[in-house]
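Student: The structure follows.
What follows is calculated from the coordinates using simple rules that are stated; it is not laboratory data. If you're wondering where the values come from, they're calculated on a predicted model, not measured in any experiment. Neighbour counts run over all protein chains shown; Cβ positions are idealised from the backbone, glycine included.
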Amino acid sequence: MGERMAKHLRCPPGWERTSHAWFQHRFRSPDGLLVITTQDTEPDTGRSWLHVSFSRSDRMPTYDDLQLVREHFIGTDRLCLQVFPREEHYVNLHPHCLHLWCPEFELLPDRIVEWMAAGVGPTQRQRT
């Protein structure tokens, strides 16, 4: 696992590390939020991705849960994505699970991320 990824796998205070394998780490918060982190590598390019899934047994995780997971398991200094695939690629193994993906390479140039974060397109951004 990349050194940069490994530094974000510390168990937050009060959380329980429920299992560990060479490719997967599981954590559970005191209030029942389950987080699983894995590293995936694209076979054709060798580029690495950090995949973080998080769930609750009885309901969908909240936006606050999403922010907490990002802060502790990815880091606020890194780009991460929540993907909404085309319907034909959708898989649902758990009714209350969300996923974040963090590339270990430059997926999007900073200028693109900046206008996405501002909620405007590139031509609108140039006018301001």
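Student: Give a quick list of chymotrypsin sites (Phe, Trp or Tyr not before Pro) in region 42-109 that DSSP marks as loop, anything other than H, G, I, E or B, with at most 14 other Cβ atoms within 10 Å.
Tutor: The qualifying sites are Y90, F105.
Student: Another question, if that's okay. What is the fewest-to-most order of M116, M60 by other Cβ atoms lying within 10 Å of their Cβ?
Tutor: The order, fewest Cβ neighbours first, is M60, M116.
Student: In Å and on Cα atoms, what radius of gyration and Dmax does the chain show?
Tutor: Looking at the chain, its Cα Rg and Dmax stand at 16.1, 51 Å.
Student: Shifting gears a bit: Where is the GNM fluctuation largest for the chain (alpha-carbon springs, 10 angstrom cutoff): R111, R78, R56?
Tutor: Among R111, R78, R56, the largest mean-square fluctuation in the Gaussian network model of the chain belongs to R111.
Student: Out of C102, C11, C80, any idea which swings most in a Gaussian network model of the chain, alpha carbons joined below 10 Å?
Tutor: C11
Student: Would you grab the residues whose amide H sits under 5 Å from the one on R47? Only those 5+ places off in sequence or on another chain, please, with H modelled 1.01 Å from N.
Tutor: E42
Student: Please identify the GluC sites (Glu not before Pro) of region 46-122 that satisfy two criteria: DSSP loop assignment and at most 12 other Cβ atoms within 10 Å. Which are they?
Tutor: Filter output for region 46-122: E106.
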